[in-house]
Amino acid sequence: MQLAEQFGITDYPTAAGGCRLTEPAFARRLRRLYETEPTPPVRLIELLKFGRHVRLGENLTLVVGRTESENAAIERLAAEPDTLLRVIGFMGPTGLLTAPCSRDEIRMAASIVARYSDAPQLERVEVEVIQAGQRQDVLVLPIDPDEVQGLLV
């Protein structure tokens, strides 16, 4: 409104909520995306709307769904060379890594997805990993909640 006043604009819509850019979490995610990808594809911007975003490396983020509808949106937005992760045998989130990643990064992502699932938190959990059309299952312990808290974007 101050900017409109500076430019002498008097006829403009009333300010109201609803713009994602005013949400601090979305703005942080968007800033980080542009720092790592100067011209990101639209689907990566779309992904910013969903789930928890966990920083696994300088250029690697894990998106973890919070609801069934977010899981569906995340799967719909997945593309090559993304990696999808789902806990086997328990209700839980879909995870998505949107950049090429190492075996260790996949194991870390699997342990985070397991953390947010209904699987027992002190037992090893099997996580389905789909990468480049190939499925592999990894056995992981869910990550400690304090450790993942420090990685959230």
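The values are calculated or read from the model by the stated rules, or taken from the named source; none is laboratory data. Because the structure is a prediction, the values reported are computed rather than measured. When we count neighbours, we look across all protein chains shown, and the Cβ atoms used for this are built from the backbone with ideal geometry, even at glycine.
Here is how the numbers come out for the structure above:
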quantity: Residue in the stretch 45-52 that is under 22 Å from Ala132 (Cβ atoms), assigned to a strand (DSSP E or B) and touching a residue at least 60 places away in the same chain (Cβ under 8 Å) present; calculated: no
quantity: Selection status of Leu85, farther than 21 Å from Val140 by Cα and among the aliphatic types (A, V, I, L, M); calculated: no
quantity: Test: residue in the stretch 64-76 that is under 17 Å from Ala99 (Cβ atoms), modelled with pLDDT of 90 or more, out of contact with any strand residue (DSSP E or B) (no Cβ under 7 Å at 6 or more places or on another chain) and not β-branched (Val, Ile, Thr); calculated: no
quantity: Extreme residue, surrounded by the most Cβ atoms within 10 Å (Cβ to Cβ), among residues of the stretch 98-153 that are part of a helix (DSSP H, G or I) and polar (S, T, N, Q); calculated: Ser111
quantity: Identity of the residue in the stretch 27-44, touching a residue at least 12 places away in the same chain (Cβ under 8 Å) and among the basic types (Lys, Arg), that ends up surrounded by the most Cβ atoms within 10 Å (Cβ to Cβ); calculated: Arg29
